[in-house]
Every structure is written in C-alpha cells, then in structure tokens.
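Presented below is the structure to which this report refers.
The values are calculated or read from the model by the stated rules, or taken from the named source; none is laboratory data. Note that the structure is a prediction, hence the values are computed from the model and not measured. A quick note on method: Cβ atoms are made from the backbone with ideal geometry, for glycine too, and the neighbour counts reach across all protein chains shown. What goes into the accessible areas is simple: the full protein's heavy atoms, side chains included, and nothing from ligands, DNA or RNA. Shrake-Rupley method; radii C 1.70, N 1.55, O 1.52, S 1.80 Å.
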Amino acid sequence: ARLANQIAAGEVVERPASVVKELVENSLDAGADRIEVDIERGGAKLLRIRDNGTGIAKDELTLALSRHATSKVSTLEDLEQILSLGFRGEALASIGSVSRLVLTSRPAEQAEAWQAMAEGRDMAVKVQPASHPQGTTVEVSDLFFNTPARRKFLRTEKTEFAHIDEVVRRIALSRFEVSLSLKHNGKPVRQYRAAKLPSQQDKRLAAVCGPAFIGSALRLDSEHHGLRLWGWLSPADAARSQADLQYTYVNGRMMRDKLLNHAIRQAYGERLAPDTSPAFVLYLELDPGQVDVNVHPAKHEVRFHQARLVHDFIYQVLVQALEDAPA
Ligand code: ADP
Ligand code: MG
C-alpha cells in the first residue's frame with residue numbers, strides 16, 4: 001500500500017497546485033462556503049487549507065488519511081485500475097505519502113477538535129486533541145521531502161505560486177457562492193468574496209478576471225432544448241489580447257474541450273480583430289446523462305452524446321451575442 005500511495009502521489013500530486021486543487025475540492029465536497037488557502041514558499045514549505053465545512057469525526061480522521069492503504073489497493077490489478085481511472089478517494093493518502101500532513105477537524109456535533117498526522121512513507125497516524133472551530137484544516141508541509149527527484153522538479157517559488165493562483169481562480173469561477181482567500185508568505189494576495197446573488201456576480205468576476213474584462217464583456221444567457229449557455233465573453237474587437245483568460249465549465253466543472261473551443265472559435269471567426277484572442281468565461285449546463293466526463297484528474301475532457309447539437313447551440317448563441325454587441 002505504501003508503494004501504491006506513492007505511485008498515486010505521482011499522478012495526483014504533480015506540484016503544489018495539484019495539492020491545492022484536491023484539498024479545496026474536498027472542502028467544497030464538505031459543503032464549506034468559506035475557504036482560506038495559505039501558502040508559504042510557493043507551496044514547497046507549506047500549504048494550508050482551512051474550511052468551515054461539515055468536518056470529520058474523530059473516529060474517521062485516520063480512515064480519511066489511509067483510504068487505499070486499508071482497502072482498495074491490494075493487487076497489481078487494483079493498482080493498474082487506479083492508474084487508468086485516476087485516484088478518486090485517494091487524494092489525502094497520496095498527499096500524505098509525500099509530505100508531512102496534519103489534518104485537524106471538528107464536526108458541528110463534536111464538542112472538541114481532533115488532529116491526525118501522517119508523515120511520508122510510514123503513514124504513522126497519531127490522533128490527538130486540538131483546537132479548531134467547526135470545519136477542517138489540512139496542513140501539508142515539506143512537499144516531496146521524501147521524494148528528492150520530485151522535489152527537484154519544483155520550479156521557482158513564483159512559478160509554483162502562479163499555478164496555485166490559477167487553480168484558485170478556476171475554482172472561484174466555478175463556485176460563486178463560496179468565499180475564497182489566498183495568502184502567500186503571510187500576505188493576502190486574493191480575496192474572492194461570495195456572490196450569492198446574481199447582482200453580485202459581476203463584482204466577483206471583476207475580482208477574478210480583472211476590471212478590464214468585465215468592463216467590456218458581453219453578458220449572455222440562453223436556453224434551448226435543455227441546453228443552457230451563460231457567462232461573459234469579450235467583444236470581437238477587444239483591443240487587448242487575453243489569451244490566458246479562457247474558461248469553460250460544463251455542469252460546473254472546468255473543462256478544456258475541443259468541441260467547445262471549436263464552436264467558440266468558429267463563432268468569433270473573421271470578426272476577431274487581428275492579433276487578438278477572445279477572452280471568455282462560459283458555463284454550459286445540460287442533462288448530466290447527456291455527457292461523459294473523463295474521471296482522470298489531470299484531464300478535463302468531456303464527451304457529449306449529441307455533439308453536433310451542443311456544438312451548434314454554442315455557436316449560434318455566441319454569434320447572436322457578438323452580433324448584438326453595441327458597435
Ligand atoms: P475523496 O475526496 O475522493 O473521497 P480524499 O482522499 O480526497 O478522497 O478524502 C478522503 C475523505 O476524507 C473524504 O471522502 C472525506 O470523507 C474526508 N475529507 C477530506 N477532506 C475533508 C474536508 N475538508 N472536510 C470534510 N471531510 C473531508
Ligand atoms: Mg478528494
């Protein structure tokens with residue numbers, strides 16, 4: 001199981017930003033609506049994610065850290081299956097196998113908080129009393145301390161932090177109702193306030209994508225045949241290239257999909273001013289039965305059962321929005 005943990009870690013834990021992604025997703029799964037991300041040294045020294053979610057009961061702390069050590073992976077076939085499917089249910093165990101991990105939590109119905117620790121390979125888990133409000137904090141220190149080859153692959157503090165910043169941005173765009181903050185080396189870097197009302201969404205978007213984007217963006221929201229597309233896109237003549245500002249979500253999950261990109265590119269077509277790329281934040285919503293999501297954590301691929309329909313819908317909605325844009 002140790003071997004499995006470390007192989008799993010190689011897949012899930014590519015760099016500090018992947019740890020942040022897994023841990024923030026856990027916080028979201030736990031129903032948190034306030035999540036704080038504290039980073040030191042680009043995440044090489046410390047990644048701390050604190051939430052106000054449901055928490056983990058004392059008796060389940062150890063289990064949460066040792067998922068597939070206890071059950072799932074016992075044979076090579078299991079391992080192969082995990083390698084091809086990705087590692088759902090294994091994130092904490094994987095991260096714990098390549099770091100020093102402290103998990104502190106208090107569910108609402110528990111009077112006091114408890115803490116469990118894991119350190120690298122031996123996954124020796126100790127449980128002790130702690131102090132914590134309702135919710136969970138995961139602290140990951142010295143990432144890859146026991147896998148020097150991997151540690152060497154870490155880039156500069158600035159680069160690793162930029163990846164973390166991007167992960168937080170993507171999540172901020174996928175969950176408007178959740179407040180997210182990001183600190184680096186003790187300094188507040190991002191503060192994305194919750195936008196629970198549609199009228200607050202522009203503000204949130206401005207915080208994540210910058211005031212320039214929201215200042216000129218076209219707003220759209222269309223529904224047809226059970227498909228809904230909403231969001232923001234830059235007008236075709238946007239003066240500045242914002243190639244890095246391209247976000248597409250399918251049923252709330254960030255995706256980079258060929259079909260989506262093709263439909264978007266085609267809609268801009270010749271309208272696009274030379275030397276510019278469109279900027280967009282788009283949300284496609286459809287019956288979950290109409291789409292398969294590749295579960296591999298590193299991929300963001302989808303397959304639409306009615307690909308043509310989806311493509312044409314997106315194309316038409318965007319063309320309409322671009323045509324309606326004030327000249
Ligand atoms: P998965 O999320 O796929 O179940 P993880 O290894 O990421 O696997 O987490 C293991 C388990 O630990 C989760 O299923 C959940 O029960 C618990 N857990 C992890 N993080 C949190 C959190 N922030 N709040 C509440 N429970 C959590
Ligand atoms: Mg998880």
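Tabulated results
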quantity: Subset of the range 132-149 that is in contact with a Lys or Arg (Cβ under 7 Å, 6 or more places away or on another chain) and among the hydroxyl-bearing types (Ser, Thr, Tyr) - its residue that is surrounded by the most Cβ atoms within 10 Å (Cβ to Cβ); calculated: Thr137
quantity: Residue match in the range 33-53 (condition: within 15 Å of ligand 2 (Cβ to nearest atom), modelled with pLDDT of 95 or more, of a type outside the set (Val, Ile, Thr) and assigned to a loop (DSSP other than H, G, I, E, B)); calculated: yes
quantity: Positions within the range 285-308 being in contact with a Lys or Arg (Cβ under 9 Å, 6 or more places away or on another chain), among the aliphatic types (A, V, I, L, M) and at pLDDT 90 or above, in sequence order; calculated: Leu286
quantity: Unmet criterion (only one of (1) part of a strand (DSSP E or B); (2) surrounded by fewer than 14 Cβ atoms within 10 Å (Cβ to Cβ)) for Lys183; calculated: (2)
quantity: Which listed residue, of Glu40, Glu22, Glu60, Glu36, is open to solvent by less than 20 Å² (accessible area, probe 1.4 Å) and charged (D, E, K, R); calculated: Glu22
quantity: Evaluation of Gln316 against (1) open to solvent by less than 70 Å² (accessible area, probe 1.4 Å); (2) at pLDDT 90 or above (one fails), failing number; calculated: (1)
quantity: Members of the range 30-69 found to be at positive phi and within 12 Å of ligand 1 (Cβ to nearest atom), listed by number; calculated: Gly31, Gly55
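Here is a yes/no grid of residues against (1) modelled with pLDDT under 90; (2) open to solvent by less than 30 Å² (accessible area, probe 1.4 Å); (3) over 22 Å from Asn52 (Cα atoms); (4) within 13 Å of ligand 1 (Cβ to nearest atom):
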site	(1), (2), (3), (4)
Arg106	no, no, no, yes
Lys126	yes, no, yes, no
Arg151	no, no, yes, no
Leu154	no, no, yes, no
